[in-house]
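The values are calculated or read from the model by the stated rules, or taken from the named source; none is laboratory data. Please read these numbers as outputs of a predicted model, since none were measured by experiment. Quick reminder, even Gly has a Cβ in these numbers, built from the backbone with ideal geometry, and neighbours come from all protein chains shown. For accessibility, only protein heavy atoms count, side chains too; no ligands or nucleic acids. Shrake-Rupley method; radii C 1.70, N 1.55, O 1.52, S 1.80 Å.
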Amino acid sequence: MSNIINIRLESVQYGSYCLWMGLDAQRNLYITYPAIEAILNYDENLARTKLASKKLKSLYQEQLKVERFSVRIVNKPEGFSVPKNGQVAAIAYEGFLQLVNFEVIQHNPIAINLVVAGLGDSLRSLAYSHFGIAISGEQRNQWLSARHDGKMIRRDLTDAIKSYLDRHEECSNNYRTFIYINATDAMYRAVFGIPAKQMEELLGCSRHESRDYLDSRSLNRINNAEAACVAQIDNRDVEPMQAIKNVVDFLCLTPLQPVPKLEATA
């Protein structure tokens, strides 16, 4: 571990997130472990495990910059409980970017959403600046917040089914009534072995909230499977139930029991 670095710690607003980040005397940025877990939706204390991943080390090798620093907080940030010795664990901001890039390569939908939303914000801000339009920090965060839920870049199964029905006027009223629940149940059965209602009962959540209660691995499985089905429906005009069957067969999906987030079971 390197020598202790003095930093000023502040809560940085990024979209709907408040991230504890630090700045040293040389203007180097650091991000704390809790901030990493918050923005990447990791379970508590998972950042340490992720940063020690052999796959991450293999990807960057000697260029890897995720060394754990013990940083001393020199200010008194409001809302942050500073330990008695004033020290917290953090990594260099460049290391955090490497971790996000690694998660994108691993097809983590949360990291993908984060990167695309960030690109959209950065390019949009540069373009507005070029045209002489000023954007406040509040406006940028509102824009980011609206896109962090993935709706801008992730088209879900419900959207794809609606478009399919719009294209196929021949579908019966009975089909239109039940296709949404049938497709959703088929998707959850394929990924987790149980229908949506049973899934919600297992997680102890309300209707349509199950994904907010899943751990990152379970969320990744359902999002990736759904994205493949959406592509079949949108790009090949495959009937939704058939699209799910195609994806299950192609990916050789084997149902695995869903795992709730730690805070959901506390």
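Can you give me the number of residues within segment 62-87 that are at pLDDT 90 or above and open to solvent by 20 Å² or more (accessible area, probe 1.4 Å)?
Count: 10.
Looking at (1) without any contact (Cβ under 8 Å) to a residue 24 or more places away in the chain; (2) open to solvent by less than 20 Å² (accessible area, probe 1.4 Å); (3) among the β-branched types (Val, Ile, Thr), can you tell me which one residue 115 breaks?
Unmet for residue 115, out of (1) without any contact (Cβ under 8 Å) to a residue 24 or more places away in the chain; (2) open to solvent by less than 20 Å² (accessible area, probe 1.4 Å); (3) among the β-branched types (Val, Ile, Thr): (2).
Does residue 211 satisfy the condition of being basic (Lys, Arg) and open to solvent by less than 70 Å² (accessible area, probe 1.4 Å)?
Answer is yes for this residue.
Taking segment 99-112 as the search range and keeping residues that are open to solvent by 20 Å² or more (accessible area, probe 1.4 Å) and among the polar types (S, T, N, Q), which one is farthest from residue 31 (Cα to Cα)?
It comes out as 106.
Collect the residues in segment 12-59 that are among the polar types (S, T, N, Q) and touching a Phe, Trp or Tyr at 6+ places or on another chain (Cβ under 6 Å), keeping them in residue-number order.
Matches in segment 12-59: 32 only.
Is it the case, given these coordinates, that residue 17 is hydroxyl-bearing (Ser, Thr, Tyr) and surrounded by fewer than 18 Cβ atoms within 10 Å (Cβ to Cβ)?
So residue 17 passes the test.
It is to be established whether one or more residues within segment 32-50 are part of a strand (DSSP E or B) and under 22 Å from residue 76 (Cβ atoms).
Yes, because at least one residue in segment 32-50 is part of a strand (DSSP E or B) and under 22 Å from residue 76 (Cβ atoms).
Of the residues in segment 96-105, how many are touching a Lys or Arg at 6+ places or on another chain (Cβ under 8 Å) and free of Cβ contacts under 8 Å to residues at least 60 places away in the same chain?
Qualifying residue count, segment 96-105: 2.
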